[in-house]
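The values are calculated or read from the model by the stated rules, or taken from the named source; none is laboratory data. No experiment lies behind these values; they were computed from the predicted model shown. All Cβ positions, glycine included, derive from the backbone under ideal geometry; neighbour counts span all protein chains shown.
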Amino acid sequence: MNAIWAIASTEFRRMFVSPLAWSILAVVQFILAWIFLLGLQEYLTQIQPMSTGMEDPPGVSDLVVSALYLWAGIIMLAVMPLMTMRQFAEERMNQTLALLTSSPLSSTQIVLGKYFGLLLFVLLMIGLLSLMPLSLALGTQLDWGMLAAAVVGLTLLLASFAAAGLFLSALARQPVIAAVTTFGLLLFLVILYISGSSQAAGSEVFVYLSHFGHFLSFLEGMFDSSDLVYYLLFIGGFLILTIRKLDNDRLQG
Amino acid sequence: MTDNQDVLVAATGLSRYYSEHCAVDRLDVQLHKGEVLGLLGPNGAGKSTTMQMLTGNLAPTAGEIRIRGIDLLDEPRKAKQQIGYLPEQPPVYRDLTVGEYLYYCARLRNVPAAQRKDAVERASERCGLKDVGKRLIGNLSKGYRQRVGIAQAILHNPAVVILDEPTVGLDPIQIREIRRLIRELGREHGIILSTHILPEVQAVCDRVQILNRGKTVFNDTLQGVESLEQVFFDLIFRESDEALSGEEAA
C-alpha cells in the first residue's frame, strides 16, 4: 500500500512539473466556462421567461448543469489519452521503466500506483469544474441530488477512460501510438452508443456496451447500481489486462 | 550448502531465447560476498541479457537464480530487495531534481521513513552528488546522470549491486572516482559489472567471466593473468575460428 501511494503521489507531482497538466487544466476549464456561461445566459433570457406559467418547469440544474458535465465528458474523450499516454509508453521510450520493474514491487502495485495517480488528476479536474455549478448556489436553489449524480457519473466515466488508456499505454512503445489508439477506442465506444440508439438499426446491446450510455443516465439524475457495476467491471477488466501485460513483458523481454 | 551466507548470487543453467535466437546459453554465474565480478565480452555476447535476468527484469527461458538463497522467480519482491541495478540507460526522470528522485527511489525500495533522508544523503555523498541535489536531472551532464543512476542502485544498501557499463560517458576523473567507489562498495557488497574496457576490469575486478555468444569461455581470477587483452582476443578469435572450421566441415 505504501509503495502504491509512493508511485501515485510521484506520478501526480510529475504531471505538474511539466506544462502538460497545467495547460490541459487551463484549456479545459476555459472551454467549459464558456459553455457554462452560454447555457446560463440562454436559460436566463429564453427558458426562464417561458417557464413562469408551467406546472413543473425545468430548473437550472436540469439544463445548465447536466449540459456542462456532458460537455466535460465529450472533451475528455480527446484529453484523457494525452494524460494516459505518458504512463507506460513514455517510460518505455525513455527506458525508465526499469526503475519500477527492478524495485521490490509487484506488477499490481505498479499498475495501481499509476492508476491512482491518474485518478488524483481526474478528481482535481472534476473539482475545478464543479466550482462553476456550485457558484450558482449563491443565488438560487440547486438540485443537489442531480449535481451529485452528475459528479459521480463523470468521475466513473473518466476513471474508465483512464483504465482503458493505461492498458493501451502499456501495449505501446511510443506515447503517440498510445494516445491515438486510446482516442480511437474511446471514440468507438461513443459511436457504439450512437449506432445503438439510432432509429434505423438501434440495438440495446450496443447501448449497453458503450460507456457513454451509462453516463447519460447519471446526468438525468439517476443513480442506477447496474451502471456503477458496468464501470467497475470496465475499470477492473482493463487494470487486470494491464497487470497481465506487465507480467508478460518479463517473459517476452 | 554450508557457505550459503557467502554466496550472494547463484545462477545455474541460465538460458534465454528471443524466439529462435539464443542470447544466453546455459550460463552459470556465482558471486561471493566482497567480490567484484567483471562480465566481459564482445557486443551481443549476452551481457545485458544476463544482467536483466539476474535483476528480475527478464525471465530466463530455463535455469534458476538465487539471491542470498532466495529464489528470484518464486519470491521476486524479497529477492529484489537485495539487488541494486543500474541498466545501460540510467532510469532517471528528467523532470525531477536529484534529491526528489533519490527520495522517491528510497520509498520504492522500502527504506523506512525515518532512514530515508540519511540513505539519500549517504548515497549522494558517495557518488559526489552533494552539490547538485537541487538541480533537475534533465539539466545535468551525462556523467552526472550516470552517477545518479549509481546512487539509486546503492541507495537501499543492497547485498548485490549490478552495474551495466557504469563508466560509459564519464570523463577520466569521474571514471577514476567511480572505479574507486566500486572497489569500496566491493568490500561490503558483491558487485557484478559489465564493460568493454579491458583495463577497467584489471583495475577493479577480482574475477572475470568472459562471455561469447551466450556461453562462458573464461571464468577465473586475474591472478597470474599477465595480459587480459591477450586472453580475451585468444578466446574470442579461437571461438570464431572453431565455429568457422566447424561450418566448413559441415
Can you tell me which residues in segment A:224-253 are surrounded by fewer than 15 Cβ atoms within 10 Å (Cβ to Cβ) and more than 30 Å from B:L73 (Cα to Cα)? A:D224, A:S225, A:S226, A:V229, A:L232, A:L233
Condition check: closer than 28 Å to A:Q141 by Cα and either within 14 Å of chain B (Cβ to nearest Cβ) or part of a helix (DSSP H, G or I) (or both). Does A:A33 satisfy that? yes
Checking B:L54, B:L8 in turn, the sole residue that is more than 9 Å from chain A (Cβ to nearest Cβ) and either out of contact with any Lys or Arg (no Cβ under 8 Å at 6 or more places or on another chain) or surrounded by fewer than 19 Cβ atoms within 10 Å (Cβ to Cβ) (or both) turns out to be B:L54
Considering only residues that are modelled with pLDDT under 85 and under 15 Å from A:Y69 (Cα atoms), which ones fall in segment A:195-219? A:H211, A:F212, A:G213
What do you reckon, is B:D74 surrounded by fewer than 18 Cβ atoms within 10 Å (Cβ to Cβ) and in a loop (DSSP other than H, G, I, E, B)? yes
For the structure I just gave you, tell me whether A:L209 is within 14 Å of chain B (Cβ to nearest Cβ), of a type in the set (A, V, I, L, M), surrounded by fewer than 22 Cβ atoms within 10 Å (Cβ to Cβ) and more than 16 Å from the chain's Cα centre (by Cα). no
Among the residues of segment B:102-113, is any touching a residue at least 12 places away in the same chain (Cβ under 8 Å), under 24 Å from B:R179 (Cβ atoms) and facing chain A (nearest Cβ under 9 Å)? yes
Hey, among the residues in segment B:11-38 that are more than 21 Å from B:L73 (Cβ to Cβ) and of a type in the set (A, V, I, L, M), which one's farthest from the other protein chains (Cβ to nearest Cβ)? B:V36
If you take the residues of segment A:53-108 that are more than 13 Å from every other protein chain (Cβ to nearest Cβ), small (G, A, S) and not in a loop (DSSP other than H, G, I, E, B), which of them is surrounded by the fewest Cβ atoms within 10 Å (Cβ to Cβ)? A:G53
For segment B:98-117, check the following and say yes or no: at least one residue is touching a strand residue (DSSP E or B) at 6+ places or on another chain (Cβ under 9 Å) and of a type in the set (S, T, N, Q). no
Return only the number of the condition from (1) within 14 Å of chain A (Cβ to nearest Cβ); (2) surrounded by fewer than 20 Cβ atoms within 10 Å (Cβ to Cβ); (3) closer than 28 Å to B:G41 by Cβ; (4) touching a Leu at 6+ places or on another chain (Cβ under 9 Å) that B:R94 does not satisfy. (3)
Among the candidates A:L118, A:L124, which residue alone is buried (at least 18 other Cβ atoms within 10 Å of the Cβ), part of a helix (DSSP H, G or I) and modelled with pLDDT of 90 or more? A:L118
For segment B:12-45, how many residues meet the condition of being on the phi > 0 side of the Ramachandran plot and polar (S, T, N, Q)? 1
Selection count where residues are more than 7 Å from chain B (Cβ to nearest Cβ) and either among the small types (G, A, S) or over 15 Å from A:L118 (Cβ atoms) (or both), scope segment A:3-20: 3
Where residues in segment B:59-91 are more than 11 Å from every other protein chain (Cβ to nearest Cβ) and small (G, A, S), which of them is nearest to B:R16 (Cα to Cα)? B:A62
